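Asker: A single structure is presented below for examination.
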Amino acid sequence: MRRPPSAMRAWLRKATAEEKRELAKSAKTSVVHLHHIASGRRGVSAELAQRLAHASKGGLNQQELCLACSKCPLI
């Protein structure tokens, strides 16, 4: 099992159902996938981390969501 991103767990705890749906729709994923990421069942690709960071309008950090992004000197 992957280490779940604590930023995603924290964001999901604070977000309303509508905010979760909006984030998922804007990031081209599903609310279920967001919960899988938060639980560690699914990982986060660099592409998805970027979409989530942009869709959350600052609520999520790309480097906190993705291990590869956290090591990238370009971000």
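Asker: Of all residues in segment 24-55, count the ones that are closer than 17 Å to Ser6 by Cα and under 9 Å from the mean Cα position of the chain (by Cα).
Answerer: 9
Asker: Something else now. Which residues, counting only those in segment 1-17, are in contact (Cβ under 8 Å) with a residue 24 or more places away in the chain, surrounded by fewer than 12 Cβ atoms within 10 Å (Cβ to Cβ) and among the basic types (Lys, Arg)?
Answerer: Arg3
Each reported figure results from applying straightforward, stated rules to the coordinates on display, with no laboratory input. Computed from a prediction, not measured in an experiment: that's the story for all the values here. Every residue, glycine as well, gets a Cβ built from its backbone with ideal geometry; the counts of neighbours run over all protein chains shown.
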